[in-house]
Ligand code: DC
């Protein structure tokens, strides 16, 4: 199977770019952030503190999480419940970042991610795909952009959806999540040694997609 790992900070455009590239190649696109988001939602719904591994650990025994692919589109399930549309709020973004710092949570999601990659040609995006989850991926890309550019993109995306937000809050959120994701002890966000760095600060979306496809085709 061909596995492409894409890592990078929040808001770098990984999901949009990776999804388009996967569809051009006929691979599935696996958004691993959705798994951490689903865990965050589950912990919050159970009234527990997302920062406390001690509170979370016993709940993992009851957590049934799965991904399904409908026309190459990923849906995430808690048990039988499709939670795909409930995990994109700022509150769940922070909860996901919190729970992702706990070794027990990362361990819990590890096999699920690997087994999908074993069975499918895929582009998998996250923070530790090239470094930890798929260290043997054929191509590893670290997709990034400046914090200001990432905040601008997120701000535009949320405003278009009708959310009433302010740019400075979005930028502060981007920086806070970058710090939390990069400085945690386990699987911190960083490029794999053999990753190709793709900085999209000055690129349009279609330029980024073309560049990504070019890199993939040259390296598989
Ligand atoms: O990509 P995203 O914004 O949906 O990810 C949500 C959070 O999950 C993010 O703050 C970091 C964490 N995450 C992670 O630790 N490892 C991954 N492979 C994917 C996401």
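Nothing in this text is a laboratory measurement; each read-out follows from the coordinates by a stated rule. Worth saying up front: this structure is predicted, and the values here are computed from it rather than measured. Positions of Cβ are backbone-derived with ideal geometry, glycine not excepted, and every protein chain shown enters the neighbour counts.
Beyond 14 Å, what share of the Cα-Cα pairs of the stretch 2-54 remains, rounded to the nearest whole percent? Summing the P(r) of the stretch 2-54 above 14 Å gives 62 percent of all pairs. Descending by average beta-carbon neighbour count within 10 Å, the peptides 119-128, 178-187 line up as 119-128, 178-187, the highest first. Of interest is the spacing of the C-alpha centroids, which for the stretch 1-61 and the stretch 162-179 amounts to 19 Å.
Packing here is the average count of other Cβ atoms within 10 Å per residue, and on that basis the peptides 134-141, 17-24, highest first, run 17-24, 134-141.
With a Förster radius of 35 Å applied to the C-beta separation of residue 46 and residue 218, the computed FRET efficiency comes to 0.15.
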